[in-house]
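The values are calculated or read from the model by the stated rules, or taken from the named source; none is laboratory data. Please read these numbers as outputs of a predicted model, since none were measured by experiment. When we count neighbours, we look across all protein chains shown, and the Cβ atoms used for this are built from the backbone with ideal geometry, even at glycine.
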Amino acid sequence: MTHVANPSLPRLMLHALCRNWWLLLLRGIVAIVFGVLTFAWPGITLLTLVLFYGAFALVDGVLAIAAAVMGGAPAPRWWLAIVGLLGIAVGILTFAWPGVTALILLLFIAGWAIATGALQIVGAIALRKEIDNEWLLIASGALSVLLGLILVAQPQTGALALLFVIGAYAILYGILLVSFSLRLRGHSHATS
């Protein structure tokens, strides 16, 4: 038995994303704020780094879940829901164990970044025929995967030295999400 994909599903997924473009915008803004804060306080302690990261992952996860749930259309948004659940889980784990070692924090961040990035790439590929510039979502996903792989390859890097890498990642990731959300907003107005 062959399964024929519904050709309207990507269009429904795009419609749902366009309708809630502002949630991607909020995710991008939260990432930028987190990144700027990491540069504003370079003498940050490991505990503060853990708490900042936990807050970022938790808020990003909640916003991703909201974007998945508020879509309205029956388009597949499972990848966005999984991104949200991962963010919430990592945020909660980070707050539950604030005294976590730099290596454990590093592995949490690396795993979250790789999983989130891979799922965003999957979502962007599903949209490739429906919207121009889906590369922004692919680029933010690839950036997340790259960050995760670098962190896994260099576990001896200290958490405070890693702070600037995480800050730069968060700012660039946020800019990409803000750009993509504004493209969705423009696409939403064009199709209305």
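Test V83 against the criterion of being at pLDDT 85 or above and within 12 Å of the chain's Cα centre (by Cα), and give yes or no.
Numbers: at pLDDT 85 or above: yes; within 12 Å of the chain's Cα centre (by Cα): yes.
So V83 passes the test.
Look at L143 and say whether it is part of a helix (DSSP H, G or I) and either at pLDDT below 80 or crowded, with 19+ Cβ neighbours inside 10 Å (or both).
Values: part of a helix (DSSP H, G or I): yes; either at pLDDT below 80 or crowded, with 19+ Cβ neighbours inside 10 Å (or both): no.
Criteria not met by L143.
For (1) at pLDDT below 90; (2) crowded, with 17+ Cβ neighbours inside 10 Å; (3) aliphatic (A, V, I, L, M), each residue gets a yes or a no:
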{"position": "L147", "(1), (2), (3)": "yes, yes, yes"}
{"position": "P155", "(1), (2), (3)": "yes, no, no"}
{"position": "G174", "(1), (2), (3)": "no, yes, no"}
{"position": "A190", "(1), (2), (3)": "yes, no, yes"}
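Taking interchain pairs and intrachain pairs at least six residues apart, which have beta carbon atoms under 7 angstrom, with the first residue in the stretch 9-30 and charged (D, E, K, R) and at pLDDT 85 or above and the second buried (at least 19 other Cβ atoms within 10 Å of the Cβ) and assigned to a helix (DSSP H, G or I)?
Here the result reads R27/D60; R27/L63; R27/A64; R27/L177, each pair linking the stretch 9-30 to a residue that is buried (at least 19 other Cβ atoms within 10 Å of the Cβ) and assigned to a helix (DSSP H, G or I).
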